[in-house]
Amino acid sequence: MRGGALTDESKDVSSAAPAASADLPAQCSRSVPLVVFAFIALAVAEVVLVLMMPGINYAGADGKAAQAEILITLEFARPFAITNLNPLQGLGSQLMPMNVWVNPAYWPFAFFDKELASEISGIVAFLCYSAACYAMARCFDLPRIPSIVAAQLSIVLFGPAVRALDFVPSFASIPGLAVVYAPHLLAFGLLAKVSPERPQVLFIAGGMLGLLFYSLYCDPLWATVSGLAWIIPFAVATFIPLRLDTILTRCAILGGLRGNTAA
């Protein structure tokens, strides 16, 4: 009887496992439309705010300087050049090391007039940053609905919401900085997935390296500023598991990333 009961229980467990795995595609098929709808609603809300308060993006001295540099780069610089600094200019160069070619927030300036491109640039940067925020929250196993809410709340960092709330207008003055900062968000989330039990640890490390390299490739100056700001969060995510093998694995990956990015 007991052996038969054990056999029946094992059959129940083995039959429940395929049923649970069969439910995964159904859950994914239900969640994808929700996420897509959330980001469409987010984009519409940003467009409405921009139409209500135009001229917010690239405002002020910093914004106008960045806007002028983008237009100069598209007009005179070599295509896909990583930097616009000219060694003949020396310390007198007024250009920042911005890579316009790989930052999607700057691409609208190649196709539209300056005013319209400024608004589209802000929307593109906002969508990139909010998508990275959603992905980071999901990497920390936050449920889907709170992750969507967290992504939507990032709208307060962009114009015109940042002007209405009187925040520091970093992403309003130069929206392209959000694309430079977004890879650090996603790399932070991937760090939470690093564990010695995971066979994909090398792929996760490669993804983090690619994200950090992309950020540096976009804008070395502001990628460095963002990297310094993320030192404490990365340290907390490294040591918070309180497991020696996990801590050593994450430290090894971060040390390897530091060596590769510095090289």
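Could you list, in sequence order, the residues of region 52-64 that are part of a helix (DSSP H, G or I), modelled with pLDDT under 85 and of a type outside the set (Asp, Glu)? Steps first, please.
To start, the set of residues in region 52-64 that are part of a helix (DSSP H, G or I) comprises 52, 60-64.
Cutting the leftovers down to modelled with pLDDT under 85 gives us 52, 60-63.
Within region 52-64, 52, 60, 61, 63 meet the criteria.
Name the residue that is farthest from the chain's Cα centre (by Cα), counting only residues in region 121-153 that are open to solvent by less than 50 Å² (accessible area, probe 1.4 Å), aliphatic (A, V, I, L, M) and more than 19 Å from residue 192 (Cβ to Cβ).
123
Please verify whether region 216-226 includes one or more residues that are part of a helix (DSSP H, G or I) and over 30 Å from residue 81 (Cα atoms). Give the derivation first.
At the first step, the residues of region 216-226 found to be part of a helix (DSSP H, G or I) are 216-218, 220-226.
With the extra rule that they be over 30 Å from residue 81 (Cα atoms), the set shrinks to none.
No: zero hits.
Output the residues belonging to region 166-177 that are in a helix (DSSP H, G or I) and buried (at least 19 other Cβ atoms within 10 Å of the Cβ).
Taking region 166-177 first, the residues in a helix (DSSP H, G or I) are 170-173, 176-177.
Those that are in a helix (DSSP H, G or I) and buried (at least 19 other Cβ atoms within 10 Å of the Cβ): 171, 172, 173, 176, 177.
Working carefully through the options 162, 156, find the one that is in a helix (DSSP H, G or I), modelled with pLDDT under 85 and open to solvent by less than 30 Å² (accessible area, probe 1.4 Å).
Details: 156 fails: open to solvent by less than 30 Å² (accessible area, probe 1.4 Å).
Just a single option satisfies the conditions, and that option is 162.
Quick check on region 178-228: of everything there that is in contact (Cβ under 8 Å) with a residue 60 or more places away in the chain and surrounded by fewer than 20 Cβ atoms within 10 Å (Cβ to Cβ), which residue is nearest to residue 256 (Cα to Cα)?
By that ranking, first place goes to 214.
Within region 235-247, how many residues are in contact (Cβ under 8 Å) with a residue 40 or more places away in the chain and either surrounded by fewer than 15 Cβ atoms within 10 Å (Cβ to Cβ) or among the hydrophobic types (A, V, I, L, M, F, W, C) (or both)?
Total meeting the criteria: 2.
Scan region 93-115 for residues that are open to solvent by 50 Å² or more (accessible area, probe 1.4 Å), more than 11 Å from residue 70 (Cβ to Cβ) and not in a loop (DSSP other than H, G, I, E, B) and report the count.
So the answer is 1.
The values are calculated or read from the model by the stated rules, or taken from the named source; none is laboratory data. In this text the structure is predicted, and so the values were computed from the model without any measurement. Please note: Cβ atoms are built from the backbone with ideal geometry, for glycine as well, and neighbour counts cover all protein chains shown. Just the protein is used for accessible areas: all its heavy atoms, side chains included, with ligands, DNA and RNA removed. Shrake-Rupley method; radii C 1.70, N 1.55, O 1.52, S 1.80 Å.
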